[in-house]
Amino acid sequence: MSGICAGRVVAVTGAGRGLGRAHALAFAAEGARVVVNDLGVGLDGVPGPDSPARGVVDEIRAAGGEAVAHGADIATDAGAASLVATALDAYGRLDTLVNNAGFLRDRMLVNLGEDDWDAVMRVHLKGHFLPLRHAAAHWRAEAKAGRTPVARIVNTSSGAGLLGSVGQGNYSAAKAGIVGLTLVAAAELARYGVQVNAVAPAARTRMTERTFATTMAAPGSGFDAMAPENVSPLVVWLGSAASTGVTGRVFETEGGRITVMEGWRPGPTADKGARWTPAEAGGTTLKLLAEAEPPGAAYGA
């Protein structure tokens, strides 16, 4: 198959449904051979009777593409290692990793239990770190052997991680952590030919179907602005060789909109050149805040 990912091997986590499935199909349509990872869990992270990864593989193959299923838990070291091993065993290489797996356990903070905190952190944040680490170790070895790759990692954050979301303290913290991880990985892995970016998508999936109903961009347009397939073109481009030079960036994307997010930067500043008193620090801070751009409101506030 031809396309901007022809010849590339792409691993997508959480690819049995929703955004991950859309990404896997879109990569395959652009010529990639795809490792479709999915543990087959419910919205709360509890494993279901079977994995949907095989169904996505069948879809890709029916369309003339190449894909293999991977059903291990990528939030474990062994599962993440086996994801990379599956790509190498099946296709002899790995070019792109898309970290997408996740689920929700929403609670207001005073009702948020430790288990619900740990579970969401484990799947979203640890489930990004471990596949990234194993893929990066492979690419570092390739670079040191004189075969510097044209490698790509696309992480999945969220508007909740950028602005916060009421009732989602665990999810928001995990998604903010993914942004930090993306920035560090982009800086550390550039020498090995690896680019790392993140997307913060808004789309209708199992996790958001109660939030995002079918929304047409314009009456009669036939364009479902909340369809997960709208997010995939940017992810595919970031995962291709065509995105050369783009790394350490975060993009919001939904419907037909793509936004480059600009993170923490120095704003209004005052320097006394000596230690402030608490009263001086407070008065100066209020003046600086009056000059600063107001922060965006948390979702649900």
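Since every read-out is calculated from the coordinates, none of them should be taken as a lab result. Note that the structure is a prediction, hence the values are computed from the model and not measured. Virtual Cβ from ideal backbone geometry, glycine too; neighbours counted across all protein chains shown.
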Separation of the LYS144 and ASP118 label points, Cα + 7 Å toward Cβ, nm: 3.4 nm
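What's the ranking of 276-285, 188-197, 253-262 by average number of surrounding C-beta atoms within 10 Å, highest first?
Numbers: 276-285: 11.5, 188-197: 19.1, 253-262: 13.6.
Order by mean packing, descending: 188-197, 253-262, 276-285.
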Centroid-to-centroid separation of region 10-43 and region 220-256 [C-alpha atoms, Å]: 15 Å
In degrees, nearest ten, helix 77-91 long axis to first principal axis of the chain (Cα): 40 degrees
19 Å Cα-Cα reach of LYS126 towards lysines, excluding residues that sit fewer than 8 places from it in its own chain: LYS175
GNM top mover of SER243, SER158, SER172 - the chain, alpha-carbon springs below 10 Å: SER243
Taking HIS124, HIS138 and counting other C-beta atoms within 10 Å, the order from fewest to most: HIS138, HIS124
Label-reachable residues, region 251-269, where backbone N falls under 20 Å from a point 7 Å from LYS287's Cα toward its Cβ: 266-269
Check: region 30-134 dipole with +1 on Lys, Arg Cβ and -1 on Asp, Glu Cβ, in debye: 240 debye
Size of charge dipole - region 49-103 - debye, nearest 20, with Cβ of Lys, Arg +1 and Asp, Glu -1, no other charges: 80 debye
Nearest 10 degrees, 0 to 90: helix 53-62 Cα axis against the chain principal axis: 60 degrees
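Treat the count of other C-beta atoms within 10 Å as a stand-in for reagent exposure and order VAL235, VAL110 from fewest to most.
On the way: VAL235 28, VAL110 6.
So the residues, fewest neighbours to most, are VAL110, VAL235.
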Computed FRET value (nearest 0.05) for LEU88 with ARG257, which takes r as the C-beta separation and R₀ as 35 Å: 0.45
Point-charge dipole on Cβ atoms (K/R +1, D/E -1) for the chain, about Cα centre, debye to 20: 620 debye
All lysines inside 19 Å of LYS272 as judged from Cα atoms, apart from same-chain residues fewer than 8 positions distant: LYS287
Where N is the number of residues in region 80-161, Cα Rg divided by 2.2 N^0.38 Å: 1.37
